[in-house]
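Asks: Could you have a look at this structure, given as structure tokens, before my questions?
The values are calculated or read from the model by the stated rules, or taken from the named source; none is laboratory data. Everything numeric here is computed off the predicted structure, so don't read it as measured data. Here Cβ is always computed from backbone atoms with ideal geometry, including for glycine, and neighbour counts include all displayed protein chains. Keep in mind that these areas ignore ligands, DNA and RNA; they rest on the heavy atoms of the full protein, side chains included. Shrake-Rupley method; radii C 1.70, N 1.55, O 1.52, S 1.80 Å.
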Amino acid sequence: MTNQWIDITQPLNQRIAEWPGDTPFTYEVTVTKEQSGSVNIGKLTMSTHIGTHTDAPFHYDDDGLKILELPVDLYIGKACLVDVTGVSCVTKADLEPFDFGGAERLLLKTGSHPTPTKFPENFTVIGEDVGPLLKERGIRLIGVDMPSVDSETSKDLPGHHSLYRNDVIIIENLVLHSLEEGYYELVALPLALEDADGSPVRAVVRRLQP
């Protein structure tokens with residue numbers, strides 16, 4: 001079949017790598033069907049930033065919006081996928097040649113986090129000059145295949161703040177290795193977490209015809 005939905009989400013399981021020092025993912029059945037007489041009931045323990053997830057601005061700004069305050073339409077609609085594999089820091093110059101085709105969502109394929117079960121020693125980051133370009137081009141959401149738009153050791157988070165100043169929301173840890181450049185329909189809804197700094201998303205895409 002053509003135009004099928006493609007899942008671009010990292011599955012959450014006991015093997016998935018967390019950000020160093022963050023809460024690992026666990027799932028356990030705390031009540032069995034045998035115990036309850038009717039159902040199994042499970043319990044999750046996890047960070048809001050493990051696996052494929054979106055950052056709310058509150059993640060890096062005490063006065064920033066929280067997950068439930070973000071408009072849901074950010075996470076649904078046309079997306080442009082650009083392949084920047086091999087680039088260590090994505091800059092304005094890397095993205096300027098691309099036509100985003102009127103999409104309000106940009107997906108960046110970097111190939112720098114190929115194994116979800118192992119936290120990468122190094123991964124591609126987003127340069128501080130990218131935010132203004134994306135705002136100028138009408139981009140409201142950026143989705144990336146690495147664990148963060150800033151390096152593991154960064155404290156001032158220039159990529160996060162550049163995107164934030166330019167009204168661009170972030171999704172991290174997408175699985176994009178099988179996708180080619182082009183345009184897609186994206187659905188990547190977060191949970192309705194009222195006070196949260198982030199949320200897991202189930203991200204899927206399907207190819208849009210040229």
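Asks: Check off (1) touching a Pro at 6+ places or on another chain (Cβ under 9 Å); (2) within 13 Å of residue 170 (Cα to Cα); (3) touching a residue at least 60 places away in the same chain (Cβ under 8 Å); (4) of a type in the set (A, V, I, L, M) for residue 46 and give me the number that stays unchecked.
Replies: Among (1) touching a Pro at 6+ places or on another chain (Cβ under 9 Å); (2) within 13 Å of residue 170 (Cα to Cα); (3) touching a residue at least 60 places away in the same chain (Cβ under 8 Å); (4) of a type in the set (A, V, I, L, M), residue 46 violates only (2).
Asks: Does residue 135 qualify as being out of contact with any Phe, Trp or Tyr (no Cβ under 8 Å at 6 or more places or on another chain) and without any contact (Cβ under 8 Å) to a residue 12 or more places away in the chain? Lay out the reasoning, then the answer.
Replies: Details: out of contact with any Phe, Trp or Tyr (no Cβ under 8 Å at 6 or more places or on another chain): yes; without any contact (Cβ under 8 Å) to a residue 12 or more places away in the chain: no.
The answer is no for residue 135.
Asks: So, one more: Residue under question is residue 96, and the condition is that it be on the phi < 0 side of the Ramachandran plot, in contact (Cβ under 8 Å) with a residue 24 or more places away in the chain, open to solvent by 80 Å² or more (accessible area, probe 1.4 Å) and not aromatic (Phe, Trp, Tyr); does it hold? Full working, then the answer.
Replies: Numbers: on the phi < 0 side of the Ramachandran plot: yes; in contact (Cβ under 8 Å) with a residue 24 or more places away in the chain: yes; open to solvent by 80 Å² or more (accessible area, probe 1.4 Å): yes; not aromatic (Phe, Trp, Tyr): yes.
Yes; evaluated as a whole, the condition is true for this residue.
Asks: Let me ask something else about it. Does the stretch 30-45 include one or more residues that are open to solvent by less than 40 Å² (accessible area, probe 1.4 Å) and on the phi > 0 side of the Ramachandran plot?
Replies: Taking every residue of the stretch 30-45 in turn, none turns out to be open to solvent by less than 40 Å² (accessible area, probe 1.4 Å) and on the phi > 0 side of the Ramachandran plot.
Asks: Report yes if residue 114 is in a loop (DSSP other than H, G, I, E, B) and buried (at least 22 other Cβ atoms within 10 Å of the Cβ), otherwise no.
Replies: Working: in a loop (DSSP other than H, G, I, E, B): yes; buried (at least 22 other Cβ atoms within 10 Å of the Cβ): no.
No; evaluated as a whole, the condition is false for this residue.
Asks: Run residue 27 past the list (1) open to solvent by 60 Å² or more (accessible area, probe 1.4 Å); (2) in a loop (DSSP other than H, G, I, E, B); (3) at pLDDT 95 or above and report the number of the one that doesn't hold.
Replies: Answer for residue 27: the failing condition is (2).
Asks: Then there is this: Of all residues in the stretch 184-203, how many are within 15 Å of the chain's Cα centre (by Cα) and in a strand (DSSP E or B)? Steps first, please.
Replies: Step one: of the stretch 184-203, the residues within 15 Å of the chain's Cα centre (by Cα) are 186-191, 197-203.
Remaining after also requiring in a strand (DSSP E or B): 186-190, 198-203.
Of the residues in that region, 11 qualify.
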